[in-house]
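Here the structure is laid out as structure tokens; the discussion comes afterwards.
Each reported figure results from applying straightforward, stated rules to the coordinates on display, with no laboratory input. Remember, predicted model here, so these are calculated numbers, not experimental data. When we count neighbours, we look across all protein chains shown, and the Cβ atoms used for this are built from the backbone with ideal geometry, even at glycine.
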Amino acid sequence: MIADIVKFWLFLLCLIPSTLCTIFLLYHFLFDRTLRNALYNHAIILLLIICLIDYVTLYPWMLYYYQHKDTWKRSLIFCVTWGFIDWSLYIEHILLFAWVTIERHILIFHDSWVSTSKKRFYIHYFPLIVLVLYWLIFYVVIYYFPSCQNRLRPYSLVCIFPCLYDNYFLSMWDYIAHQIVPTLIIIIFSTGLLLRVLWKKNQMHRTIHWRKHRKMIIQVLSIACLYFIVLIPYTLVYILYNIYYLSSPLLAELSIYTVFFSYFIILLFPFVCACSLPELKSRIKNIFQLPQQSRQIAPF
């Protein structure tokens, strides 16, 4: 078991720099016209906005909980909001990035598909709109407008259990469609992107527009590595523990650890995103680099 004080400090030490990094990234993505207009940055901007929402709501609540868990009485509406933010934003983050791994193949190898404004709407903007609307409608109904009574769990970190998850079909849909499928998409399409780039490079004895596309490739593969490290153990343990009902002390302990570390996807995302963008790294250097002043010897 991880002590609450350890969780508190681990989250706090990550939360402050993650928030600053996210604000810095959003500032440059939104106010730099080139970055803002680049199609491959639009989903990344949405992912960073999700991170920022979590940083100013969920994680401060978690920090407070670890300090006052025995005395903090939370209302039903607060717990419903907590559950909605905790679970739905996590799922939306996975769904959006799964689409990013698919879209990178289109932007790199089939750029003619987005060559006109009409094509860009149907291929680029429409999937983002559908994902956001679907996510919003599904989880607002689950948490705020259920046909049954949600159950409070006053001593748990997430103090609500949506009663609609008692429905086996609905809970399996949420798990398979919102976790298993996006995880497989991330694994398959990010690995496929790497193999496809290497194959094109060897086939043509040169990189395929490397200067033009390397930012998109490095960005998605860097973020995919973060998902691999966190999501694959979490998914495997969840399947064994909750689907096949394999019970053992070791598996129960692993479940606690994988759930805890799943929260670091949101916390580490802005750092991985920043490190994968060379133009932002140069801007950070320019901010913190003191201007060098040449010393002049005054004539006597």
In degrees, nearest 10, the alpha-carbon axis of helix 4-31 is tilted away from the dominant principal axis of the alpha carbons of the chain by 40
Per the charge dipole of the stretch 10-280 (beta-carbon charges, Lys/Arg positive, Asp/Glu negative, Cα centre), the residue among 265, 162, 106 reaching farthest to the positive end is 106
Relative to the chain, whose Cα atoms define the longest principal axis, helix 278-288 and its Cα axis are tilted in degrees, nearest 10, by 90
In this structure, the FRET efficiency calculated for residue 252 and residue 24 from their beta-carbon separation, with R0 = 41 Å, to the nearest 0.05, is 0.55
Rounded to the nearest 10, the angle in degrees between the Cα long axis of helix 210-238 and the longest principal axis of the Cα atoms of the chain comes to 20
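Could you give the dipole magnitude of the stretch 10-280 about its Cα centre, charging the beta-carbon of Lys and Arg +1 and that of Asp and Glu -1, in debye to the nearest 20? Present the calculation step by step, with values, prior to reporting the outcome.
Values: 19 positive and 11 negative charges, 211 e Å.
Charge dipole of the stretch 10-280: 1020 debye, to the nearest 20.
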Summing -39500 (n - 2.57) over every DSSP H run of at least 4 in the chain, dividing by its residue total and rounding to the nearest 500, the 222 nm mean residue ellipticity is -23000 deg cm²/dmol
Residue separation between residue 34 and residue 149 times 0.36 nm, minus their alpha-carbon distance, gives in nm 36.5 nm
Within the chain, the cysteines whose Cβ lies no closer than 4.7 Å to any other cysteine Cβ are 14, 21, 51, 225, 273, 275
Taking a crude spin-label model, label points 7 Å out from Cα along the C-beta direction, the residue 1 to residue 125 distance in nm is 5.3
Checked the chain against the a/c 1.5 cut and the a/b vs b/c comparison, axes a ≥ b ≥ c from its Cα gyration tensor; verdict oblate
Once both label points are put 7 Å beyond Cα along the C-beta direction, the residue 158-residue 72 separation in nm becomes 1.6
For the stretch 37-52, Karplus-derived ³J(HN,Hα) couplings (6.51, -1.76, 1.60; θ = phi - 60°; whole Hz; x for glycine and proline) come out as 7, 5, 4, 6, 9, 5, 5, 5, 4, 4, 5, 5, 5, 4, 4, 5
